[in-house]
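S.K.: Quick one: this structure, given as structure tokens, is what I'll be asking you about.
The values are calculated or read from the model by the stated rules, or taken from the named source; none is laboratory data. This one's a predicted model, so the numbers in the text were calculated from it and none came from an experiment. No Cβ is skipped: glycine too gets one built from the backbone with ideal geometry, and neighbour counts run over all protein chains shown. For accessibility, only protein heavy atoms count, side chains too; no ligands or nucleic acids. Shrake-Rupley method; radii C 1.70, N 1.55, O 1.52, S 1.80 Å.
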Amino acid sequence: MKLHHCVGARSFRPLWALEALDLPYELAMLPFPPRVRAKEYFALNPLGTIPLFEDGETRMTESAAICEYLAARHGAGGLGVGSDEAEYGRYLNALHFGEATLTFPQTLVLRYGRFEPPERRNPGLVEDYSRWFLSRLKGFGVGLGDRRFVCAGRFTAADISIGYALMLAEFAGLADELPDFARAYWAGLKEEPSYARALAAERAAAEAQGVSPVPSPLGG
């Protein structure tokens, strides 16, 4: 298995999943954004986005889907929730909520608040989408309640998906605005040994491959 990754980008989700499952993999680091700074990458992924995950003939570019795939295909039930379990629907919903609902608005906050040239930045848009993210996050908190993990009483790929959205909030400068439940939940996820291993693998690969270890959190 091979994961193409930029430091701090959405591809951190499958990297975290690979470490949680203790799977062998190759980590190929790319400078951000690869569509500008590594044009040869288009030959591998015509979208020019990261992640790109390869497992034999299987090629995937969506971070939450890769986590779902790894949990189902290689996880032996450990990182996923089976269709015969009571909280299977809750698991799938949270897995995709982390990307489709929580990560999407933050990419706009980062792009138009930080990455675009000054003349293209849009403070009003940044404010609107920051509020959007925070309001959806509060709704998630109602369903989370006092649980340590999203579902099934254990750490799953759904926690990785939501956890990365909270990691991205730190990158986006929204950490101080996170509600208490989100801070507590995220602090608990960061105690998972696989999180520290993923960070260490990311840094080691970046340094070995001559890529900056400073996060550039946008991707596919």
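S.K.: Leaving ligands, DNA and RNA out of it, report the carbon-plus-sulfur percent of the accessible area of the chain at a 1.4 Å probe. Show your work: numbers first, answer last.
M.R.: Numbers: 5250 of 10000 Å².
For the chain, the apolar C and S fraction of the accessible surface comes to 53 percent.
S.K.: Sketch the reach of a paramagnetic label on ARG147 as a point 7 Å from Cα along Cα-to-Cβ, and name the residues of region 86-115 whose backbone nitrogen lies under 16 Å away.
M.R.: 86-99
S.K.: Just need the relative contact order of the chain here, percent rounded to a whole number, with Cα pairs under 8 Å and 6+ apart. Write down the numbers at each step before the final one.
M.R.: On the way: 321 pairs, mean separation 69.2, N = 220.
Relative CO of the chain lands at 31 percent.
S.K.: Here is a follow-up. Under a GNM of the chain (C-alpha, springs under 10 Å), which listed residue has the highest mean-square fluctuation: GLU19, GLU191, GLU119?
M.R.: Per the Cα network of the chain with a 10 Å cutoff, GLU119 tops the list.
S.K.: Between SER83, SER11, SER130, find the one with the highest GNM mean-square fluctuation for the chain; connect C-alpha pairs within less than 10 Å.
M.R.: Greatest mean-square fluctuation among the candidates belongs to SER83.
S.K.: State to the nearest 20 debye the size of the charge dipole of region 98-179 about its Cα centre, where the only charges are +1 on K and R beta carbons and -1 on D and E beta carbons.
M.R.: My answer is approximately 180 debye.
S.K.: Could you tell me how many cubic angstrom of Cα convex hull volume region 40-194 has per residue? Could you put the intermediate results ahead of the total?
M.R.: On the way: hull volume 20.4 nm³, N = 155.
It comes to 131 Å³ per residue, whole-number rounded.
S.K.: While we're here: Please name which of LEU23, LEU134, PHE12 has its Cα lying farthest along the dipole of the chain towards the positive end, using unit charges on Cβ (Lys, Arg +1; Asp, Glu -1) and the Cα centre as origin.
M.R.: LEU134
S.K.: State in Å² the accessible area per residue of the chain; use a 1.4 Å probe, count heavy atoms of protein chains only, and round to the nearest integer.
M.R.: Numbers: 10000 Å² over 220 residues.
On a per-residue basis, the chain sits at 45 Å².
S.K.: So which helices of the chain fit the span-like rule, where a helix is a whole DSSP H run, its Cα atoms reach 27 Å or more along the axis, and its mean Kyte-Doolittle is at least -0.5? Walk me through the intermediate numbers first.
M.R.: On the way: long enough: 123-144 (31 Å, 0.10).
Qualifying helices, which must be both long enough and hydrophobic enough, are 123-144.
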